[in-house]
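J.: Could you have a look at this structure, given as structure tokens, before my questions?
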Amino acid sequence: QVQLVESGGGLVQPGGSLRLSCVASGITFRFYVMGWYRQADGKQRELVATIISGGSTNVVDSVKGRFTISRDNAKNTVYLQMNSLKPEDTAVYYCNAFRVVTSNNYWGQGTQVTVSS
């Protein structure tokens, strides 16, 4: 059974930082592209960042320079370091695992991030 379990969300003031973690089980972690997506109230889910097994990353322009994605293949874990948070970063953040050759695609349950004073 595949599980992606996110943690690290919460309430933070504008300008603050949070670090999200996602631990994967039931998959061969190194075979998967790992990603973080987010969905704000009333909006569609959107990509935030992805990272391949070798460490190459893709980060969307709206968070570039503020968010960093990383992974530890030995721990089956992907991270999202979020700095200089803004109210518009408020959303549920979802971990994603995608394997290109099989199109296997898995989601975590999400973790709420709220940026507010």
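The values are calculated or read from the model by the stated rules, or taken from the named source; none is laboratory data. Everything numeric in this text was worked out from a predicted model, so none of it was measured. Here the Cβ positions follow ideal geometry from the backbone for every residue, glycine too, while neighbour counts run over all protein chains shown. Surface areas here come from the heavy atoms of the whole protein model, side chains and all, with no ligands, DNA or RNA. Shrake-Rupley method; radii C 1.70, N 1.55, O 1.52, S 1.80 Å.
J.: Which one of the conditions (1) β-branched (Val, Ile, Thr); (2) in contact with a strand residue (DSSP E or B) (Cβ under 7 Å, 6 or more places away or on another chain); (3) over 26 Å from GLY15 (Cα atoms) does VAL92 fail to meet, given that it meets all the rest?
T.: Failed condition: (3).
J.: While we're on this one: Consider only pairs whose beta carbons are under 6 Å apart and that are at least six residues apart or on different chains; among these, list those whose first residue lies in the stretch 26-38 and is more than 11 Å from LEU4 (Cα to Cα) and aromatic (Phe, Trp, Tyr) and whose second residue is open to solvent by 40 Å² or more (accessible area, probe 1.4 Å) and in a strand (DSSP E or B).
T.: PHE31/ARG99; TYR32/ARG99; TYR37/LEU47
J.: On to the next question. Is it true that some residue in the stretch 42-51 is more than 22 Å from VAL5 (Cβ to Cβ) and not polar (S, T, N, Q)?
T.: Looking through the stretch 42-51, at least one residue is more than 22 Å from VAL5 (Cβ to Cβ) and not polar (S, T, N, Q).
J.: Could I ask something else about it? Quick check on the stretch 83-117: of everything there that is β-branched (Val, Ile, Thr) and either open to solvent by 60 Å² or more (accessible area, probe 1.4 Å) or over 12 Å from the mean Cα position of the chain (by Cα) (or both), which residue is farthest from PHE29 (Cα to Cα)?
T.: It comes out as VAL115.
J.: Specify the residue that is farthest from SER62 (Cα to Cα); the eligible residues are those in the stretch 30-46 that are open to solvent by less than 100 Å² (accessible area, probe 1.4 Å) and charged (D, E, K, R).
T.: Of all residues in the stretch 30-46, those open to solvent by less than 100 Å² (accessible area, probe 1.4 Å) come to 31-40, 42, 45-46.
With charged (D, E, K, R) added as a condition, the list becomes 38, 45-46.
Numbers: ARG38: 12, ARG45: 14, GLU46: 11 Å.
Filtering the stretch 30-46 for residues that are open to solvent by less than 100 Å² (accessible area, probe 1.4 Å) and charged (D, E, K, R), the one farthest from SER62 (Cα to Cα) comes out as ARG45.
J.: Could you list, in sequence order, all residues of the stretch 47-82 that are over 22 Å from ARG30 (Cα atoms) and either open to solvent by 60 Å² or more (accessible area, probe 1.4 Å) or free of Cβ contacts under 8 Å to residues at least 12 places away in the same chain (or both)?
T.: ASP61, SER62, LYS64, GLY65
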